[in-house]
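Asker: First the structure, which I've put down as structure tokens, then a few questions once you've had a look.
The values are calculated or read from the model by the stated rules, or taken from the named source; none is laboratory data. The model shown is predicted, which means the values in this text are computed figures rather than measured ones. Reconstructed Cβ throughout: ideal geometry from the backbone, glycine too, with neighbour counts over all protein chains shown.
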Amino acid sequence: MTKVNQKEAVYSAICSVLSESGIAFSEGMDVGPVMSRELRAQVNNILFHGFKEGSIDLDREFTDSELKAYVSGLQSNWIRKDKRLNGNTTYIAKNPGSRAGTGDPQLKAMRALFSTLTTAEDKAEVQKHIDARVSEIASTKTVKVIDYSALPADLAAKFSK
């Protein structure tokens, strides 16, 4: 049995549900406005059973309740990102970088501390440290290693340090 990837499973499920509901669909149409609560529930059901049957790729195990939540988010994700479903627009994150440092233990500890504070002065002090750490993490990720030997001689001579 061949498994389908999650993006294709969502696309297929939405096409199927819209077709069964008599809603005309063409690739590249923005389906967000036509996806009612009932239609989304039908798509979620199709995806849930596809995961349970093993016909859709899934990297880890979920309980049924976790899988239902995952499927709902998965559908929302691909309605926003798949050009075939979002009006043929390129997805742009609303808060780019909002997940910066999520794996950093120092940043996690500072954010946990911040959530326990009550005075504005204490919060401002901790926020200053959080902002500094986020900047530090961001700066280490943006450093690009350039192989100057692979550049044309004139560019390598001009830009190599």
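Yes or no, residue by residue, for (1) loosely packed, with under 10 Cβ neighbours inside 10 Å; (2) at pLDDT 90 or above; (3) closer than 30 Å to Lys81 by Cβ:
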{"residue": "Arg99", "(1), (2), (3)": "yes, no, yes"}
{"residue": "Met110", "(1), (2), (3)": "no, yes, no"}
{"residue": "Ser115", "(1), (2), (3)": "yes, yes, no"}
{"residue": "Ala120", "(1), (2), (3)": "yes, yes, no"}
{"residue": "His129", "(1), (2), (3)": "no, yes, no"}
{"residue": "Ala132", "(1), (2), (3)": "no, yes, no"}
{"residue": "Ser149", "(1), (2), (3)": "yes, no, no"}
{"residue": "Ala157", "(1), (2), (3)": "no, no, no"}
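Asker: Let me ask you something else. Filter the stretch 6-58 down to residues that are touching a strand residue (DSSP E or B) at 6+ places or on another chain (Cβ under 8 Å) and in a helix (DSSP H, G or I) and give me whichever is surrounded by the fewest Cβ atoms within 10 Å (Cβ to Cβ).
Answerer: So the first thing to find is which residues in the stretch 6-58 are touching a strand residue (DSSP E or B) at 6+ places or on another chain (Cβ under 8 Å), and the list is 6, 9, 12, 30-32, 47, 50, 55-57.
Then keep just the ones that are in a helix (DSSP H, G or I); that gives 6, 9, 12, 32, 47, 50.
Working: Gln6: 21, Ala9: 24, Ser12: 16, Gly32: 12, Leu47: 24, Gly50: 21.
Among them, the one singled out is Gly32.
Residue-by-condition table, conditions (1) in the same structural domain as Asp30 (by TED's automatic domain parsing); (2) of a type in the set (S, T, N, Q):
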| site | (1), (2) |
| --- | --- |
| Asn44 | yes, yes |
| Glu53 | yes, no |
| Leu74 | yes, no |
| Lys108 | no, no |
| Thr116 | no, yes |
| Gln127 | no, yes |
| Val134 | no, no |
| Ala138 | no, no |
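Asker: Just to check your reading of the model, which residue among Arg80, Arg40, Arg111 is in contact with a helix residue (DSSP H, G or I) (Cβ under 7 Å, 6 or more places away or on another chain) and closer than 30 Å to Ser135 by Cα? Please lay out each step first, then the result.
Answerer: Details: Arg80 fails: in contact with a helix residue (DSSP H, G or I) (Cβ under 7 Å, 6 or more places away or on another chain); Arg40 fails: closer than 30 Å to Ser135 by Cα.
None of the others qualify; the one that does is Arg111.
Asker: Find the residue count for the stretch 61-76, including only residues that are part of a helix (DSSP H, G or I) and either free of Cβ contacts under 8 Å to residues at least 12 places away in the same chain or touching a Phe, Trp or Tyr at 6+ places or on another chain (Cβ under 9 Å) (or both).
Answerer: Initially, the stretch 61-76 is screened for residues part of a helix (DSSP H, G or I), giving 64-76.
Add one more test, that the residue is either free of Cβ contacts under 8 Å to residues at least 12 places away in the same chain or touching a Phe, Trp or Tyr at 6+ places or on another chain (Cβ under 9 Å) (or both), and what stays is 64-71, 73, 76.
Of the residues in the stretch 61-76, 10 are part of a helix (DSSP H, G or I) and either free of Cβ contacts under 8 Å to residues at least 12 places away in the same chain or touching a Phe, Trp or Tyr at 6+ places or on another chain (Cβ under 9 Å) (or both).
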